[in-house]
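Below you'll find the structure, written out as structure tokens, and then a few comments.
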Amino acid sequence: MATQVDGIANNNDLRKRILFTLTMLAVYRFGVHIPTPGVDGTTVLKFFQNQGGIFGLFNTFTGGALNQFSVFALGIMPYISSSIIFQLLTAVVPYFEELKKEGQTGQKKITQYTRYGTIALAFVQGVAISSWLMREGFQGHPLVTSAYVGFIPFKWMTVLTLMAGTAFIMWLGEQITDRGIGNGSSLIIFAGIAAGIPHGAMGMFTLVKNGEMAPLVALGLLALMVLVIAAIIFLEVGQRRIPIHFSNKGGRIPGAAQASHLPLKINLSGVIPPIFASSLLLFPATLAQFVNAPWLTQMKDSLSPTGSVYNILFVGLIVFFCFFYTEIVMNPVEIADNLKKGGKFIPGIRAGTSTSQYIQRVMDRLNVGGAAYLCAICVLPGLLIDKLNTPFYFGGTSLLILVGVALDTTQQLQSHLLTQKYDAFMKGARIRSRRVTY
């Protein structure tokens, strides 16, 4: 540990990246506390605190921004929803499929379309939530203080504010990804969930102190969280190692170590499936909360985080995104071609098509196990915690995101430190060119 701290302290570029990431996350947390113009902050806070259900889940992912109805009330979810839409389009629409094959140039265009989609989704959600706020109240007090903010109608001021807040969060996430450490969108969600931990701990302590929760129940809840975290860490770092051998071509020394392995994680898709699944379920459920229609009201009641319909859809989406995201990120045909070009092979498997088929079979089996693990982690703890009537929503999905993002960020830090060691090694080496004279 001390060696890693010294390595970070001596790596100027890594230190700047860490400071930049922390600064951007601090800016995000500061923006969470900036209220949207025209709302009664105290009444809105009391109203949302008495809602629970889908609001509790949405508020968890926005880091408390929804409770305060701040300028960041929509959070990063519109951006994630837009990313999902365009990733799906790359698999079914030929135009976007061609853009994906163009490499970096095509990816820039897809990113641009994703940004436009984010603004469009934020606009739709902003219109729905502003219309709903204007007709709702809490204990005889309206949530909106005035129909106008200056000379601008409250509805359009709210839509513009929420769209601007979402666009700014999207920009923060992209800046963290490019100039900081880790995935920006995941870190923003991580910061929002982590910000709710002290409040949840204080709420549980208050319940125990007032006798509303037995101390043994509180200890059991903490033990459950520790077990879930341990299971997540164990399975996230677990690998299925496919043995790789080198051919003797190219003048390799006979008898030298020529064996390696191809590491495949047990959970190939990481925390992406739960985030994507939650985002897709939150969008229609959020609209159902804000649009006054009987069929949407029935859907809202069904899409409670502890309801059977929600959990069935959640499990189905997690399984789908486990396989879909893995197919996008890892191409067995490309892996097999790279092995063949490098003079490598899997023992007992022919190079080329047979190798790609073998890797595909292994990936499919891992995806089955990974999907089952994600579904169990994301659904079962939430149901158990709901039975204990905890004062906050903190299920397995939240724990998975916290631990998964922390592990991913740690791996990136180690990668930067390893690069630093190689750079230092190469600086002390003298490379002489060999000139052939005739």
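Look at the stretch 191-215: where a residue is closer than 17 Å to Phe30 by Cβ and a partner is not in a helix (DSSP H, G or I), sitting 6+ places away or on another chain with Cβ atoms under 6 Å, you get Gly192/Thr62; Gly192/Gly63; Ala195/Gly63. Looking at the stretch 408-422, is at least one residue under 18 Å from the mean Cα position of the chain (by Cα), over 29 Å from Ile176 (Cβ atoms) and either at pLDDT 85 or above or not in a helix (DSSP H, G or I) (or both)? Within the stretch 408-422, none of the residues are under 18 Å from the mean Cα position of the chain (by Cα), over 29 Å from Ile176 (Cβ atoms) and either at pLDDT 85 or above or not in a helix (DSSP H, G or I) (or both). Which of (1) at pLDDT 85 or above; (2) under 28 Å from Thr206 (Cβ atoms) is the odd one out, the single condition Asp386 does not satisfy? The single condition Asp386 does not satisfy is (1). Residues that are in contact (Cβ under 8 Å) with a residue 12 or more places away in the chain and of a type outside the set (S, T, N, Q) were ranked within the stretch 89-106; the one that is surrounded by the most Cβ atoms within 10 Å (Cβ to Cβ) is Phe96. When the stretch 151-167 is filtered for residues that are closer than 16 Å to Ser83 by Cα and in contact (Cβ under 8 Å) with a residue 60 or more places away in the chain, only Thr166 remains. Residues of the stretch 341-357 being free of Cβ contacts under 8 Å to residues at least 60 places away in the same chain, surrounded by 16 or more Cβ atoms within 10 Å (Cβ to Cβ) and not in a loop (DSSP other than H, G, I, E, B), which ones? Passing the criteria: Thr355, Ser356. Which of the residues belonging to the stretch 18-60 are touching a Pro at 6+ places or on another chain (Cβ under 9 Å), modelled with pLDDT of 75 or more and of a type in the set (A, V, I, L, M)? Listed by number, the list holds a single entry, Val44. Any residue in the stretch 251-264 that is in a helix (DSSP H, G or I) and either in the same structural domain as Pro381 (by TED's automatic domain parsing) or at pLDDT 85 or above (or both)? Checked the stretch 251-264: no residue is in a helix (DSSP H, G or I) and either in the same structural domain as Pro381 (by TED's automatic domain parsing) or at pLDDT 85 or above (or both).
I'd like to know if the stretch 136-150 contains one or more residues that are out of contact with any Cys (no Cβ under 8 Å at 6 or more places or on another chain) and part of a helix (DSSP H, G or I).
Taking every residue of the stretch 136-150 in turn, none turns out to be out of contact with any Cys (no Cβ under 8 Å at 6 or more places or on another chain) and part of a helix (DSSP H, G or I).
The values are calculated or read from the model by the stated rules, or taken from the named source; none is laboratory data. Predicted model, so just to flag it, every value in this text is computed and none were measured. Here the Cβ is made from the backbone with ideal geometry for all residues, glycine too, and neighbour counts use every protein chain on show.
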